[in-house]
Amino acid sequence: MTREVFITGIGIVSNLGEGIEAHLAAIDASRPATVEAERFKPHLVHPVVPLEWERQIPKKSDQRQMEAWQKLGVYAAGLALDDAGIKEDKALLGHLHLICAAGGGERDYQVDSQVLTGLPQAADPGAFLNERLMSDLRPTLFLAQLSNLLAGNISIVHGVTGATRTFMGEEQAGVDALRIAKARIAANQGDIFLVGGSYNAERPDVLLVYEMAGLLWKGHFASVWERGEKGGFIPGSGAAFLVLEARDHAEARGATAIARLAHVGDDQARRVPGAAGETLDRLFAGAGRFDAASGLVVSGATGVAGITAEEKAVLDRRTDGTRRIATGDLFGNMLEPQFPAGVALAAALVRRGDARQAAVTSIGHARGEGLALVERI
């Protein structure tokens, strides 16, 4: 596994804007993240900026059959393809591999409401439920859109017809998507990959799930490092995709590389209380090449009590004095695309000359342990 892996395209959207330059400008201006505090009160969300969907999803018919999370992903994927200069290259798109990190998809609230309203009044609740499910299920045979529909719609809209794979499972899905893509390129099992994910945080059902687990931050916005013992994360809507490419392949087509993806590691050890710091320590030890003196850290800290404090303790010890940027302070927790978004920011900062190397961490609210090293070319 010796082939170098370059990042040759970035597509990202969040509350900070569209495209990597908008995100860098927000970081440089120390512009506070946009927070929606009224719509889901007392919960906070970071809403994605308004987008002109037609710019990346030209057909209205395609737009209509996608919920927000899919449109965000398809849009960001198009931005990444544009940035890599391959949007119109049908021959290259024909063998472009696609790896998506996606959640369970958005539910049909109207059907949910009809079922929940009618079920208590039904003479035969079982028969009523079966009847509603048989008549109201989507063509996907599920009351929520399936995770692999994101990959399918990217393939349809952008003409990506190489092999596809979808990972499901919050922050860990984003870590695995990048890890697998890098490993396959390094092992000569593919030349070029489109990798990333999307998430719509502006959904009552997901807020309910995380509130039941006591994971959400409520009240006024505070930095992830300042949420203390109460802790909690603020969900954020957005998407991030990267074009990863073997160095020889990129050079052969004359691509301008953004940065080198030098390392992606994860740790599948089962989480126990107090183990997040140990996990991050193992990840840094496994990377073995981060130079804190000339680097920066893009932290995926979410603000969840305990876990964030453990991450901060490790970073204080291993990267003392190194510039640190927390993605949780910029666009909240985007879950599946959180890690790809962090790598995108790191690559752009390294290319700009802010550091020679960047470490990107992911220590999720439940699982999602990962560490990437991004280097200047």
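The values are calculated or read from the model by the stated rules, or taken from the named source; none is laboratory data. This structure is a prediction, so every number in the text was calculated from the model and none was measured. With ideal geometry, Cβ positions are generated from the backbone for all residues, glycine too; neighbour counts draw on all protein chains shown. Quick note on the areas: whole protein, heavy atoms, side chains included, nothing else; ligands and nucleic acids left out. Shrake-Rupley method; radii C 1.70, N 1.55, O 1.52, S 1.80 Å.
Selection of the stretch 320-331 for residues being crowded, with 21+ Cβ neighbours inside 10 Å and in contact with a strand residue (DSSP E or B) (Cβ under 6 Å, 6 or more places away or on another chain) yields 326, 331. For the stretch 334-359, a residue qualifies if it is more than 25 Å from residue 199 (Cβ to Cβ) and among the acidic types (Asp, Glu), and exactly one does: 354. Restricted to the stretch 149-165, and to residues there that are in a helix (DSSP H, G or I) and closer than 13 Å to residue 195 by Cβ, the residue that is farthest from the chain's Cα centre (by Cα) is 154.
Does the stretch 304-314 contain any residue that is modelled with pLDDT of 90 or more, surrounded by fewer than 16 Cβ atoms within 10 Å (Cβ to Cβ) and touching a Gly at 6+ places or on another chain (Cβ under 9 Å)? Yes, some residue in the stretch 304-314 is modelled with pLDDT of 90 or more, surrounded by fewer than 16 Cβ atoms within 10 Å (Cβ to Cβ) and touching a Gly at 6+ places or on another chain (Cβ under 9 Å). Among the residues of the stretch 95-120, just one is touching a residue at least 24 places away in the same chain (Cβ under 8 Å), assigned to a helix (DSSP H, G or I) and of a type in the set (A, V, I, L, M), namely 111.
Let me confirm something: among 302, 319, 279, which residue is out of contact with any Cys (no Cβ under 8 Å at 6 or more places or on another chain) and under 23 Å from residue 200 (Cα atoms)?
Working: 319 fails: under 23 Å from residue 200 (Cα atoms); 279 fails: under 23 Å from residue 200 (Cα atoms).
Just a single option satisfies the conditions, and that option is 302.
Of all the residues in the stretch 265-283, those that are out of contact with any Gly (no Cβ under 8 Å at 6 or more places or on another chain), at pLDDT 85 or above, open to solvent by 10 Å² or more (accessible area, probe 1.4 Å) and within 22 Å of residue 173 (Cβ to Cβ) number 1.
Of everything listed in (1) over 17 Å from residue 223 (Cα atoms); (2) in a strand (DSSP E or B), the single unmet condition for residue 351 is (2).
Quick check: is even one residue across the stretch 174-181 assigned to a strand (DSSP E or B), in contact (Cβ under 8 Å) with a residue 24 or more places away in the chain and open to solvent by less than 20 Å² (accessible area, probe 1.4 Å)? Outline the logic, then answer.
As a first pass, look at the stretch 174-181 and keep what is assigned to a strand (DSSP E or B): none.
No: the stretch 174-181 contains no residue that is assigned to a strand (DSSP E or B), in contact (Cβ under 8 Å) with a residue 24 or more places away in the chain and open to solvent by less than 20 Å² (accessible area, probe 1.4 Å).
I'd like to verify a number: residues in the stretch 284-293 that are touching a Ser or Thr at 6+ places or on another chain (Cβ under 9 Å) and either open to solvent by less than 10 Å² (accessible area, probe 1.4 Å) or small (Gly, Ala, Ser) (or both), how many?
Selection size over the stretch 284-293: 2.
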